[in-house]
Amino acid sequence: MPSNDFIAANRRNWDERVAIHRADRTGFYAVDRFLAGDKRLHAIESGELGDVSGKRLLHLQCHFGLDTLILARHGAVVTGLDFSPPAIDAAKRLAAETRLAAEFVRAEVYGARNAVTGEFDIVFTTWGTICWLPDVPRWARVIASLLAPGGFLYFADAHPNMLVLEERDGRLVPEYAIDTPPNRPLVFDAPQTYSGDPTPLAARRTYEWIHSISRVVGALLDARLVLEFLREHPFLPWPPFPMCVPAEGGMYRLPDHVPSFPLAYSLRARKPAP
C-alpha cells in the first residue's frame with residue numbers, strides 16, 4: 001500500500017475527529033477555558049519556547065487551531081497548517097469567534113513549502129505529530145526550507161521508548177519495534193477518538209509510525225539544522241497508560257511504584273545564519 005494511501009486513510013479519520021474535538025464534551029481540549037482567555041500551552045513548551053511576540057510562526061499539524069491561537073494571543077504572527085479540510089474550517093471559525101489574527105492553510109506537511117509564502121522565525125510542532133508521518137528526513141528538509149536564517153524549530157512529543165510499550169495486566173511490556181519502516185506502519189482500529197468522547201468513528205483504521213530520537217535528530221542534522229537542546233521529561237499532557245496518575249500543570253506521570261523513565265522529549269533546532 002503506497003504511503004499516500006496511508007495518509008489518505010489517516011486524513012479520513014482526522015476529518016471525523018474535528019467536530020468531536022471542537023465540541024469538547026469531555027473537556028479534553030479545554031476549549032471553554034480558551035474562549036475565556038484562560039488556557040495556555042502545556043507546561044513543557046510554555047517553559048521552553050520563549051518570547052514569541054512579533055515572531056512569524058508556522059504551526060504544523062495544527063488541528064483545529066487551538067494552540068495556534070494561543071500563540072497568537074502571545075503576540076506571534078501565526079499561520080496554522082493541517083491536512084484536514086474540516087480542521088482548517090474549524091480553525092478559521094475559531095479565529096473569527098475570538099477575533100484573533102491568524103492565517104490557516106490546508107496542506108500536508110510535505111507540501112508546506114509550496115502552500116505558504118516566505119520564511120518563518122519559528123516552526124512549531126508538538127504532541128502527536130510525527131507519528132502520522134512515514135518519512136522523517138523529508139519532514140526535516142521541509143522544516144529547514146521553511147525557516148528563515150537564524151529561525152528555529154521547536155518540537156515536543158511523546159518519547160519513542162515509551163511508545164513501544166503497552167500496559168498489560170498492570171505491567172508495561174514492549175509490543176512494537178522502534179523505527180517503524182515507512183512502508184510497514186503500525187495499524188490501529190480505534191472505535192472512538194482519544195478524548196474520551198464515546199461518539200463512534202466510521203473511519204476507524206489508522207496507520208502510524210514510531211521514530212527513534214536518533215532518527216529524528218539525525219534527520220534534522222542532515223537538513224543542516226543545529227541542535228540547541230534536547231530534553232527528556234517524566235510526564236506528558238495525557239495519560240499514555242491506564243496506570244498513569246495526575247502530575248503538576250495538568251500533566252500525567254507514572255505511579256510511584258513504577259521506576260521512572262521519560263514519557264516525552266523536546267528539542268530546539270536552529271537554521272544557521274549565513
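The values are calculated or read from the model by the stated rules, or taken from the named source; none is laboratory data. The structure presented is a predicted model; accordingly, all values stated were derived computationally and were not measured. Backbone-built Cβ (ideal geometry, glycine too); neighbour counts: all protein chains shown. Just so you know, the surface numbers come from the protein's heavy atoms only, side chains and all, with ligands and any DNA or RNA stripped out. Shrake-Rupley method; radii C 1.70, N 1.55, O 1.52, S 1.80 Å.
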Inset, instruction - List the helices (runs of 4 or more DSSP H) that sit entirely inside segment 1-71 and contain at least 3 residues that are open to solvent by less than 20 Å² (accessible area, probe 1.4 Å), in contact with an Asp or Glu (Cβ under 8 Å, 6 or more places away or on another chain) and under 22 Å from Met251 (Cβ atoms). - result: none
Inset, instruction - Would you check if there is a residue in segment 96-105 being over 20 Å from Asp222 (Cα atoms) and crowded, with 18+ Cβ neighbours inside 10 Å? - result: yes
Inset, instruction - Could you please let me know if Pro242 is surrounded by fewer than 17 Cβ atoms within 10 Å (Cβ to Cβ) and in contact with a strand residue (DSSP E or B) (Cβ under 7 Å, 6 or more places away or on another chain)? - result: yes
Legend entry - Every pair of residues 6+ apart whose Cβ atoms lie under 9 Å, when the first sits in segment 102-113 and is touching a residue at least 60 places away in the same chain (Cβ under 8 Å) and at negative phi while the second is open to solvent by 20 Å² or more (accessible area, probe 1.4 Å) and of a type in the set (Phe, Trp, Tyr): Glu108/Phe83
Legend entry - Subset of segment 82-95 [touching a strand residue (DSSP E or B) at 6+ places or on another chain (Cβ under 7 Å), part of a helix (DSSP H, G or I) and crowded, with 22+ Cβ neighbours inside 10 Å]: Ile88, Ala91
Inset, instruction - Search segment 254-267 for residues that are more than 16 Å from Arg171 (Cβ to Cβ) and at pLDDT 95 or above and pair each with any residue that is of a type in the set (A, V, I, L, M) and surrounded by 20 or more Cβ atoms within 10 Å (Cβ to Cβ) when their beta-carbon atoms are under 7 Å apart and the residues are at least 6 apart or on different chains. - result: Leu263/Ala158; Leu263/Leu236; Ala264/Ile44; Ala264/Ala156; Ala264/Ala158; Ala264/Leu236; Ser266/Ile44; Ser266/Ala156
Legend entry - The listed residue being more than 18 Å from the chain's Cα centre (by Cα), on the phi > 0 side of the Ramachandran plot and in contact (Cβ under 8 Å) with a residue 24 or more places away in the chain, out of Gly27, Gly37: Gly37
Inset, instruction - Output the number of residues of segment 72-81 satisfying the condition of being in a strand (DSSP E or B), crowded, with 23+ Cβ neighbours inside 10 Å and in contact with a Gly (Cβ under 8 Å, 6 or more places away or on another chain). - result: 1
Legend entry - Residue selected from segment 246-263 under the condition touching a Phe, Trp or Tyr at 6+ places or on another chain (Cβ under 7 Å) and not aromatic (Phe, Trp, Tyr), by the criterion most open to solvent (accessible area, probe 1.4 Å): Pro246
